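> Quick one: this structure, given as structure tokens, is what I'll be asking you about.
The values are calculated or read from the model by the stated rules, or taken from the named source; none is laboratory data. Given the structure is predicted, the values throughout are model-derived calculations rather than measurements. Every residue, glycine among them, receives a Cβ derived from its backbone with ideal geometry; neighbour counts consider all protein chains shown.
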Amino acid sequence: MAKKKRRSMLYIPGNNPAMVQQAGVYGCDAVLLDLEDAVALNQKDAARILVRSMLKTVNFYKTEVCVRVNNLQTPFGLADLEEIVPMQPDNIRFPKTESVQDVRDFMKEVRRIEKEHDIKDPKMTIHVMIETAKGVANVYDIASCEPRIDAITIGGQDLTADMGIIKTPDGAGIDYARKRIVMAGKANNLDVLDTVFADVNDEEGLKEETEYIKKLGFAGKALINPRQIDPVHEVFNPSEKEIRKAYRVYSEFYKNTKAGIGVFAIDGKMIDAPVVQRAITVLEYANIDIKDIEKSVDLSD
Amino acid sequence: MTPKFKAQAGTFESSDIMVLIEPVDEGTGRQVDLSSTVMLQFEEDIKATINQVLDAMNVGHVHLIAKDKGALTPTIKARVETAIKRSLGIQEGTL
Amino acid sequence: MKNVLGVEIPEYIEGIGKLEPYQGVWKSIIEDEVPSTNISRTLKAKKAHTSKVCSSLEDAIEKCKPFDGMTVTCHHHLRGGDGVLMQVIEILDKMGIKDITLASSSLTSAHDGLVPYVEKGMITKIFSSGIRGALGDVISSGKLKYPAIIHSHGGRVRDFLTGRIKPDLSVLAASAADVEGNATGSHGPSAFGSMGYADIDARYSKNVIIVTDNMVEYPCVPSTIRQHFVDYVVNIDSIGDTSKIASGTTRITSSPMDLRIARIAATVIEQSGLFKDGMSFQVGAGGASLAVAKFLREDMKRKSIQGSFMIGGVTSYGVDMLNEGLFKAIFDVQSFDAAVSTSVLNNPKHVEITCDQYANPNNCGAMTNKLDVVVLGALEVDVDFNVNVITGSSGEIRGASGGHSDTASGANLSVIVCPSFRGRLPIIMDRVHTVVTPGESVDVIVTERGVCVNPAKPDLAVALKKAGLKVVDIKDLKKEVDSMTGIPAKKKLGDKIVALVEYRDGTIIDVIKNVTNLG
């Protein structure tokens with residue numbers, strides 16, 4: 001099966017009911033209900049209770065829902081987990097993960113709460129956020145230490161702050177971190193997600209940066225405004241040419257499979273499993289149901 | 001439980017509700033003062049939601065003032081819960 | 001008697017006359033038929049080289065010999081900045097004239113001052129395409145003597161031609177005029193662009209006064225209203241608040257929800273089969289409706305599509321699209337900002353049209369009948385696709401019929417854009433409080449939570465689904481929204497009919513009852 005699309009992950013301040021109640025309709029692949037940086041210190045309790053209450057009733061449709069909790073070193077982290085883990089959103093995002101021990105500490109609490117709430121076989125996955133130099137240095141170990149981790153993400157603002165440098169539009173300061181994190185993610189079969197692009201009005205800049213991180217291997221990007229969704233999707237979506245090719249690959253694959261042929265060729269190029277998998281991913285991104293292709297394939301010839 | 005401190009939760013933004021809690025003497029009962037942009041359509045509904053939370057938290061004696069800007073039920077529930085917890089002193093927060 | 005939507009319609013209302021029940025979008029429009037009550041133009045000879053110029057508005061009105069029970073008309077091109085209509089009513093009141101029928105093409109926030117005149121019975125009847133604010137409240141609470149008649153823009157022209165509205169005095173504001181009454185809105189310090197709604201008044205009123213704050217040397221060219229229809233001309237200090245008449249350029253909404261709805265609506269249009277060279281198109285002037293133009297503009301450029309024409313209320317955004325060559329022409333009945341006035345004046349492809357040409361259902365060339373796509377807003381919609389754009393959540397009159405039903409009836413694809421709820425008020429009803437545009441003429445309702453396609457268009461539903469749009473049954477969407485918002489308490493209504501909603505063909509599509517708990 002093709003992986004879940006995570007082209008766009010929209011941050012939504014956890015204490016803003018107008019935005020949280022609409023989180024499922026913006027058309028992004030995922031929303032990040034934020035209890036951390038987007039919430040004032042004296043409203044942490046309010047946001048936590050609001051998000052918990054919303055998770056209970058709001059329909060998020062097909063949008064993946066992730067909750068970013070506060071770090072356990074803060075007075076809020078544990079309380080966040082107590083309220084959010086029982087709700088089992090699709091994923092929880094751990095901020096400022098620096099070491100394997102951080103993940104273990106987090107997971108110890110998560111498992112305890114799940115047990116207390118009698119949650120068997122929990123589906124909720126974990127996103128770890130790397131936003132310190134130490135975290136970048138340890139990223140491979142972090143990525144491989146816990147099977148419930150299914151995505152790894154870079155926090156550019158905090159990372160540059162931690163490094164004592166300024167975040168520049170060319171991303172020079174975080175370039176190494178991006179590449180290192182991608183490699184750690186790929187080595188562990190995780191989605192790797194990019195940091196936010198701060199200037200909401202600079203659509204061209206956003207597209208440029210997205211083009212770049214797509215080339216590096218990122219699966220998607222965190223966003224701070226719904227207006228950023230379409231430009232990012234545009235970059236990640238396959239072109240007409242790619243879609244046509246994928247369509248052809250899949251229909252040939254289906255026809256040949258039905259005829260009992262394993263490996264086949266198109267225009268003299270051998271089509272093997274990875275090529276088919278790639279075609280399925282392209283079709284998925286293009287919103288084309290492979291079942292529709294199967295139906296349209298004429299098996300008589 | 002009876003609230004001990006003045007407390008508030010929520011904002012005056014659209015789709016939110018501002019809830020103020022004023023402690024009252026034991027035995028006074030509940031007083032809920034509500035104003036809402038959707039008063040004509042949802043007055044009873046909002047009051048029922050507020051009372052539901054107060055029941056669940058076992059709060060019998062309180063003066064609750066709510067200014068609603070069209071908040072949905074989960075928001076109303078969350079804001080009342082937050083305000084009560086703050087007034088009980090069992091949760092950090094602002095006055 | 002009941003109309004086809006099941007609304008009980010009185011057969012006769014004192015002061016209004018006999019009523020015909022609504023039968024269906026095209027049922028009462030018979031091709032080639034000339035209505036029997038057709039009226040003729042007033043002819044009033046003047047001798048050579050006599051002057052029409054009056055020293056004051058009072059003087060001009062005096063010369064028109066006002067009388068009790070007369071019908072007074074104005075246009076609403078000055079929108080929220082109008083300073084003329086109120087002056088006319090004040091002058092007539094000082095003269096002791098009463099029992100007035102006011103038939104302005106629309107009424108805006110500038111006309112809250114009418115309230116005391118309604119309350120004391122100086123104004124007893126109102127025809128308008130829109131009624132809002134304090135005036136809406138006073139009518140909703142039952143204080144206007146006879147029910148107000150809400151007509152569409154096209155319906156107003158028909159009302160003039162069939163004699164339902166018989167104008168005795170029309171006071172028409174212009175941003176430039178000359179001594180003979182050649183007048184326009186396209187230039188001058190208070191320019192407001194097209195003067196399309198005023199044309200019918202000028203042609204058929206017994207007395208026509210042109211009022212301007214910018215008397216120009218004869219001849220005033222270009223001009224919209226021509227001198228052979230004009231009785232008197234008055235130069236006054238100000239026709240209104242220019243900042244509210246037309247200012248700057250129109251900005252696209254930044255509301256994420258409106259933009260989201262607009263994006264979906266644009267995709268609906270693109271997948272409808274109508275998105276191709278030669279497409280004609282109309283959008284509203286704000287909110288999600290105008291934002292649809294933003295996305296279509298981008299997609300038309302990307303796919304190198306050139307449309308035929310745009311019509312309707314025109315914003316600077318439409319003008320930009322014309323100048324980029326995305327459309328061959330704009331037909332402008334009403335201009336929404338200052339940049340549009342300049343374009344009306346200077347661009348021959350920006351054509352000022354009359355409301356008759358725009359939307360009159362009984363002529364042989366209404367532009368709305370040539371429309372491919374229209375995008376419209378809604379206060380409420382219902383599971384039968386009926387649309388309410390006139391009454392608010394308490395049942396109070398607070399909106400405008402405008403060209404809504406005109407364009408919806410004519411367009412090949414009429415798209416309604418609205419959020420599924422507003423500040424906890426659900427928008428999808430079992431039955432809208434007031435039907436302005438019947439579901440028969442509505443094809444698609446686009447909300448942020450799904451696209452609802454009229455069951456009469458099954459092919460369209462299939463096409464939109466194929467394109468990956470979330471097509472949902474409107475009844476299911478209603479259930480879902482109700483579960484989020486709850487069901488609003490019943491409106492507190494009385495038995496008195498305070499307004500009649502006239503469909504564009506002159507039949508009555510709905511009635512509005514008084515609201516008992518206003519304010």
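Results for (1) touching a helix residue (DSSP H, G or I) at 6+ places or on another chain (Cβ under 9 Å); (2) buried (at least 24 other Cβ atoms within 10 Å of the Cβ), shown as yes or no for each residue.
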{"residue": "C:Gly392", "(1), (2)": "yes, no"}
{"residue": "C:Asn412", "(1), (2)": "no, no"}
{"residue": "C:Ile416", "(1), (2)": "yes, yes"}
{"residue": "C:Phe421", "(1), (2)": "yes, no"}
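> Taking the stretch A:62-80, which residues are under 23 Å from A:Arg6 (Cβ atoms) and not in a loop (DSSP other than H, G, I, E, B)? Write out each step before concluding.
At the first step, the residues of the stretch A:62-80 found to be under 23 Å from A:Arg6 (Cβ atoms) are A:62-71, A:80.
Within the stretch A:62-80, A:Glu64, A:Val65, A:Cys66, A:Val67, A:Arg68, A:Asp80 meet the criteria.
> Right, next: Which of the following residues is of a type in the set (S, T, N, Q), within 12 Å of chain B (Cβ to nearest Cβ) and either in a strand (DSSP E or B) or surrounded by 24 or more Cβ atoms within 10 Å (Cβ to Cβ) (or both): A:Asn15, A:Asn59, A:Asn42?
None of the others qualify; the one that does is A:Asn15.
> What is the one condition in (1) under 30 Å from C:Ser186 (Cβ atoms); (2) crowded, with 24+ Cβ neighbours inside 10 Å that C:Asp112 does not satisfy?
The one condition C:Asp112 does not meet is (2).
> Another question, then. Tell me, which strands (runs of 3 or more DSSP E) lie completely within the stretch C:259-376 with 3 or more residues that are of a type in the set (A, V, I, L, M)?
C:307-314, C:327-335, C:373-376
> Considering (1) within 19 Å of the chain's Cα centre (by Cα); (2) surrounded by 23 or more Cβ atoms within 10 Å (Cβ to Cβ); (3) of a type outside the set (Asp, Glu); (4) more than 25 Å from C:Asp258 (Cβ to Cβ), say which one C:Asn369 fails and leave the rest.
(2)
> Right, something else. Which ones in the stretch A:111-129 are more than 26 Å from A:Val182 (Cβ to Cβ) and not in a loop (DSSP other than H, G, I, E, B)?
Residues satisfying the conditions are A:Arg111, A:Arg112, A:Ile113, A:Glu114, A:Lys115, A:Glu116.
> Just for the stretch A:212-256: of the residues that are of a type in the set (Gly, Ala, Ser) and in a helix (DSSP H, G or I), which one is nearest to the chain's Cα centre (by Cα)?
Among those that are of a type in the set (Gly, Ala, Ser) and in a helix (DSSP H, G or I), it is A:Ala246.
> Separate question: Check every one of the strands (runs of 3 or more DSSP E) wholly within chain B and list those with 2 or more residues that are surrounded by fewer than 17 Cβ atoms within 10 Å (Cβ to Cβ), at pLDDT 95 or above and more than 14 Å from chain C (Cβ to nearest Cβ). Steps first, answer last, please.
Working: elements: B:7-9, B:17-22, B:30-36, B:62-68.
Per the criteria, B:30-36.
> To continue, here is another question. Specify which of the listed residues (C:Phe192, C:Phe160) is within 18 Å of the chain's Cα centre (by Cα) and in a loop (DSSP other than H, G, I, E, B).
Exactly one of C:Phe192, C:Phe160 is within 18 Å of the chain's Cα centre (by Cα) and in a loop (DSSP other than H, G, I, E, B), namely C:Phe192.
> Oh, and also: Do you know which of the residues in the stretch A:211-263 that are of a type in the set (Asp, Glu) and more than 14 Å from every other protein chain (Cβ to nearest Cβ) is surrounded by the fewest Cβ atoms within 10 Å (Cβ to Cβ)?
A:Glu211
> What number of residues in the stretch A:18-39 are in a helix (DSSP H, G or I) and away from chain B (no Cβ under 12 Å)?
Final tally of qualifying residues: 3.
> Right, another one. Does C:Ala408 satisfy the condition of being in contact with a strand residue (DSSP E or B) (Cβ under 8 Å, 6 or more places away or on another chain), within 30 Å of C:Thr162 (Cβ to Cβ), more than 14 Å from every other protein chain (Cβ to nearest Cβ) and of a type in the set (Gly, Ala, Ser)?
yes
Listed here are the residues, each with its yes/no results for (1) modelled with pLDDT of 95 or more; (2) under 23 Å from C:Phe192 (Cα atoms).
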| position | (1), (2) |
| --- | --- |
| C:Ser341 | no, yes |
| C:Pro348 | yes, yes |
| C:Gln357 | yes, yes |
| C:Cys364 | no, no |
| C:Thr368 | yes, yes |
| C:Leu371 | yes, no |
| C:Val375 | yes, no |
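> List the residue pairs whose Cβ atoms are under 6 Å apart, where the first residue sits in the stretch C:444-472 and is farther than 13 Å from C:Pro419 by Cβ, the second is among the polar types (S, T, N, Q) and surrounded by 14 or more Cβ atoms within 10 Å (Cβ to Cβ), and the two are 6 or more positions apart or on different chains.
So the pair list comes out as C:Ala463/C:Gln271; C:Leu464/C:Gln271; C:Ala467/C:Gln271.
> Could you look through the stretch C:491-517, keep only residues that are more than 9 Å from chain B (Cβ to nearest Cβ), over 25 Å from the mean Cα position of the chain (by Cα) and of a type outside the set (Gly, Ala, Ser), and pick out the one that is surrounded by the most Cβ atoms within 10 Å (Cβ to Cβ)?
At the first step, the residues of the stretch C:491-517 found to be more than 9 Å from chain B (Cβ to nearest Cβ) are C:493-516.
Right, trim to over 25 Å from the mean Cα position of the chain (by Cα) and you get C:493-496, C:516.
If we keep only those that are of a type outside the set (Gly, Ala, Ser) as well, we get C:493, C:495-496, C:516.
Details: C:Leu493: 17, C:Asp495: 7, C:Lys496: 14, C:Thr516: 15.
It comes out as C:Leu493.
> For the stretch C:413-420, check the following and say yes or no: at least one residue is small (Gly, Ala, Ser), within 24 Å of C:Ile150 (Cα to Cα) and assigned to a helix (DSSP H, G or I).
no
> Looking at (1) crowded, with 17+ Cβ neighbours inside 10 Å; (2) without any contact (Cβ under 8 Å) to a residue 40 or more places away in the chain, can you tell me which one A:Tyr285 breaks?
The one condition A:Tyr285 does not meet is (2).
> While we're on this one: Mind checking whether some residue in the stretch C:428-435 is away from chain B (no Cβ under 14 Å) and either surrounded by fewer than 24 Cβ atoms within 10 Å (Cβ to Cβ) or of a type in the set (Lys, Arg) (or both)?
yes
> Take A:Val69 and decide whether it is crowded, with 22+ Cβ neighbours inside 10 Å and either in contact (Cβ under 8 Å) with a residue 60 or more places away in the chain or closer than 24 Å to B:Thr82 by Cβ (or both).
So A:Val69 fits the description; yes.
> Pairs needed: first member in the stretch A:183-200, closer than 11 Å to A:Gly155 by Cα; second member anywhere, part of a loop (DSSP other than H, G, I, E, B); C-beta distance under 7 Å; at least 6 residues apart or different chains.
Taking only residues 6 or more apart or on different chains, the pairs are A:Leu193/A:Arg6; A:Leu193/A:Phe218; A:Leu193/A:Ala219; A:Asp194/A:Phe218; A:Thr195/A:Gly155; A:Val196/A:Ile224.
> For the stretch C:229-281, give me each residue that is of a type in the set (Lys, Arg) and free of Cβ contacts under 8 Å to residues at least 40 places away in the same chain.
Answer for the stretch C:229-281, where residues must be of a type in the set (Lys, Arg) and free of Cβ contacts under 8 Å to residues at least 40 places away in the same chain: C:Arg251, C:Arg263, C:Lys276.
> Can you find a residue in the stretch C:272-279 that is more than 14 Å from chain A (Cβ to nearest Cβ), within 27 Å of C:Leu78 (Cβ to Cβ) and of a type in the set (Phe, Trp, Tyr)?
Within the stretch C:272-279 (the criterion being more than 14 Å from chain A (Cβ to nearest Cβ), within 27 Å of C:Leu78 (Cβ to Cβ) and of a type in the set (Phe, Trp, Tyr)), the answer is no, since none of the residues qualifies.
> Okay, moving on. Does A:Thr160 fit the bill of being touching a Gly at 6+ places or on another chain (Cβ under 6 Å), in a helix (DSSP H, G or I) and at pLDDT 95 or above? First the steps, then the outcome.
Numbers: touching a Gly at 6+ places or on another chain (Cβ under 6 Å): yes; in a helix (DSSP H, G or I): yes; at pLDDT 95 or above: yes.
Criteria met by A:Thr160.
> Could you identify the single residue in A:Gly185, A:Gly155 that is touching a strand residue (DSSP E or B) at 6+ places or on another chain (Cβ under 8 Å), closer than 12 Å to A:Thr97 by Cβ and not polar (S, T, N, Q)? Full working, then the answer.
Numbers: A:Gly185 fails: closer than 12 Å to A:Thr97 by Cβ.
Only one candidate qualifies: A:Gly155.
> Name every residue in the stretch C:222-257 that is of a type in the set (A, V, I, L, M, F, W, C) and not in a helix (DSSP H, G or I), in order of residue number.
Here is the first cut: in the stretch C:222-257, the residues of a type in the set (A, V, I, L, M, F, W, C) are C:225, C:229-230, C:233-234, C:236, C:239, C:245-246, C:252, C:257.
Passing the criteria: C:Ile225, C:Val230, C:Val233, C:Val234, C:Ile236, C:Ile239, C:Ala246, C:Ile252.
> Which of (1) surrounded by 24 or more Cβ atoms within 10 Å (Cβ to Cβ); (2) more than 9 Å from every other protein chain (Cβ to nearest Cβ); (3) aliphatic (A, V, I, L, M) is the odd one out, the single condition A:Leu78 does not satisfy?
Among (1) surrounded by 24 or more Cβ atoms within 10 Å (Cβ to Cβ); (2) more than 9 Å from every other protein chain (Cβ to nearest Cβ); (3) aliphatic (A, V, I, L, M), A:Leu78 violates only (1).
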